[in-house]
Every structure is written in structure tokens, then in C-alpha cells.
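One structure is given here, and the rest of the page talks about it.
A short reminder: the numbers here are calculations on the coordinates, not readings from a lab. Predicted model, so just to flag it, every value in this text is computed and none were measured. Please note: Cβ atoms are built from the backbone with ideal geometry, for glycine as well, and neighbour counts cover all protein chains shown.
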Amino acid sequence: MYQDMKKLYWWPNMKADIATYVSKCLTSAKVKLEHQKPSGLLVQPEIPEWKWDNITMDFDVVVSRVG
């Protein structure tokens, strides 16, 4: 919100005022919660018994959108 407001307006302590307003705004709080994933349980990854027992690869490919 501050980035949008600073293009059009300016006053002393503007950033702090906007932060205070947004922190108390019920609508902003609801919108922020809607875009957050619920936290899950922490899962310990399995540790392989031997070196090279588990290998993972990532492939970076470009897919053409032309049919």
C-alpha cells in the first residue's frame, strides 16, 4: 500500500502511518490470511543408509507453446 501511496502523496511519517493503518485494518488482515497456506507438520527427511543410495535430479527444459 505504501508503494502505491508514495507515488501520489507525501507527509511526514507517512510510512509509519500507513503501516499502523494497515495493521489495524480488518479487511487487510482477512485478505492476508486468505493468501497464506496453513502450516503443516515438520517432517524429518529419511537419511539414506549408504552413500549414493538415493539420487535426485532436476531437469530444466523449455516447453514450446506453439502446437
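For the chain, the number of Lys pairs with C-alpha atoms closer than 29 Å, counting only pairs eight or more positions apart or on separate chains, is 14.
The trypsin sites (Lys or Arg not before Pro) of the chain that meet both conditions, a loop assignment by DSSP and at most 14 other Cβ atoms within 10 Å of the site Cβ, are LYS51, ARG65.
Just so you know, the averaged projected area of the alpha carbon convex hull for the chain sits at 11.7 nm². Sparse packing (at most 14 other Cβ atoms within 10 Å of the Cβ) combined with a DSSP loop state is found for the following GluC sites (Glu not before Pro) in the range 7-67: GLU46, GLU49.
For the chain, chymotrypsin sites (Phe, Trp or Tyr not before Pro) are listed when DSSP marks them as loop and at most 11 other Cβ atoms sit within 10 Å of their Cβ; the list is TYR9, TRP10, TRP50, TRP52, PHE59.
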